[in-house]
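One structure is given below, encoded as structure tokens.
What follows draws every value from the coordinates through simple rules; no lab data is involved. This one's a predicted model, so the numbers in the text were calculated from it and none came from an experiment. When we count neighbours, we look across all protein chains shown, and the Cβ atoms used for this are built from the backbone with ideal geometry, even at glycine.
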Amino acid sequence: MSKKRGSRPPARERHELPSAAASRETALELDRHLDAADEQGVTGTPTVFVNGRKLEGMLDAENVACLLRG
């Protein structure tokens with residue numbers, strides 16, 4: 001499986017996941033997603049990226065729309 005995630009909160013430990021995540025295939029897919037989130041610096045939700053750039057702080061719809069329009 002994947003490396004130990006020091007930044008991940010304990011609530012994301014596999015033994016605390018719903019039984020729907022119990023299959024090996026689902027567990028591997030979840031690990032891939034969690035690894036990608038770690039690599040991108042995601043520490044919570046919501047985390048918003050626009051054009052590969054992580055947006056920080058308070059986001060209002062108008063500012064996000066401006067970023068999406070470029």
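Look through segment 50-70, keep the residues that are surrounded by 11 or more Cβ atoms within 10 Å (Cβ to Cβ) and outside any helix (DSSP H, G or I), and return whichever of them is nearest to the chain's Cα centre (by Cα).
Among residues in segment 50-70 that are surrounded by 11 or more Cβ atoms within 10 Å (Cβ to Cβ) and outside any helix (DSSP H, G or I), the one nearest to the chain's Cα centre (by Cα) is K54.
Under 8 Å by Cβ, and 6 or more places apart or on different chains, what pairs join a residue from segment 32-43 that is without any contact (Cβ under 8 Å) to a residue 60 or more places away in the chain with one that is surrounded by 11 or more Cβ atoms within 10 Å (Cβ to Cβ) and in a helix (DSSP H, G or I)?
L34/R12
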